[in-house]
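S.K.: One structure is given below, represented as structure tokens, and several questions about it will come after.
The values are calculated or read from the model by the stated rules, or taken from the named source; none is laboratory data. Quick caveat, the model's predicted, so the values are computed rather than measured. Neighbour counts run over all protein chains shown; Cβ positions are idealised from the backbone, glycine included. When the accessible area is computed, the model is the full protein with side chains, heavy atoms only, and any ligands, DNA or RNA have been set aside. Shrake-Rupley method; radii C 1.70, N 1.55, O 1.52, S 1.80 Å.
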Amino acid sequence: MPDESDEGADVDGSEEPQEGTRDDAIETDGEGYVHDRPDSGAGETEYPDPVPDDDVGGISTPPDDEEMPLADHIEEMILRLARILLVGAAATAIGLLGASQAIEFIWFNVFPGPVEEVPPPHVYHPLELWLSRIKVAALAGILLALPMFVYECYAFMRPGLYPNERKYYISAVPMSLVLAAFGMFVSYILVLPILFRYFTYYSDASANIAYGLGDTFDMIITLTGFLAIVFQIPLFIMLAIMMGVTTRRWLADKRLYFWAAFLGLSFMFTLDPTGMAPIIVAIIMIVLFEGTLFVLKWVGRE
């Protein structure tokens, strides 16, 4: 007789597979997630594609951005600065050819009154005239070096900029030249005549004024060059907002800090012990700042 222990055995003597030992048993990953067991012979397990380099941690990076050693960054920055200085020096050298005529033209147009009443320049040391020529020629160097400076800054930062940021920045190069020229023009036709009218009528009642050529042109060159830089304020604000560095609302909220900075910079870079020139320059800077914010608000840019 067959043994009772053989009950449930198959006819061919094979036993039924017990629960939990079947080949098609469901497997989990140890955390309660059910995965189908891969079929035998299905090949290697496919893994998801790796995260692309330009989208690490959910933050995209510019297409040309790459890491460079600090020494390479410093070397590149020095080379670009050398190009800016080279362009400025070349423009200054060319400007020396017409510096004498420029001195005469500027002198007789920044003083108030008719030409016959303009006080003549006085030279107090042998190199004063030659140094004044160099200073006047340096205006041409500043005028051409400013857009070169903007372009070299763009070229240095280009790998870290997105395509839309590059478009904004490269369009700023010709605009920088226009604004610099306009700043010099405002200095020549407005600021300098007001200052020399003030100097002349303030001191004329008590003494005869003898304007030294060197000291006078020091103030003319400094003020004109500084205004060429000051008139870049609208450009810098527009670029910063377009590139997402800041917003018009933030600048408007911090306007008093900017006004104080403008006044401090004016007194720092404007050579006038009477305080009239720094005040005029600070007013111009504030007008440019507020005018740019007004235009941005008008076009709906917050």
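S.K.: Quick test for you: out of Y168, Y162, Y188, pick the one residue that is in contact with a Ser or Thr (Cβ under 8 Å, 6 or more places away or on another chain), open to solvent by 30 Å² or more (accessible area, probe 1.4 Å) and more than 22 Å from L81 (Cβ to Cβ).
M.R.: After applying the criteria, what remains is Y188.
S.K.: Further, regarding this structure: Are any residues in segment 210-239 open to solvent by 10 Å² or more (accessible area, probe 1.4 Å), β-branched (V, I, T) and under 25 Å from W250 (Cα atoms), and if so, which ones?
M.R.: I229, I233, I237 - these are the residues of segment 210-239 that are open to solvent by 10 Å² or more (accessible area, probe 1.4 Å), β-branched (V, I, T) and under 25 Å from W250 (Cα atoms).
S.K.: Separate question: Confirm whether M268 is open to solvent by 80 Å² or more (accessible area, probe 1.4 Å) and within 22 Å of the chain's Cα centre (by Cα).
M.R.: So M268 passes the test.
S.K.: I'd like to check something: does segment 114-129 contain any residue that is more than 27 Å from F236 (Cα to Cα), touching a residue at least 24 places away in the same chain (Cβ under 8 Å) and open to solvent by less than 50 Å² (accessible area, probe 1.4 Å)?
M.R.: yes
S.K.: Go through segment 100-116 and give me each residue that's closer than 19 Å to I134 by Cα and out of contact with any helix residue (DSSP H, G or I) (no Cβ under 6 Å at 6 or more places or on another chain).
M.R.: Selection gives S100, Q101, E104, F105, I106, W107.
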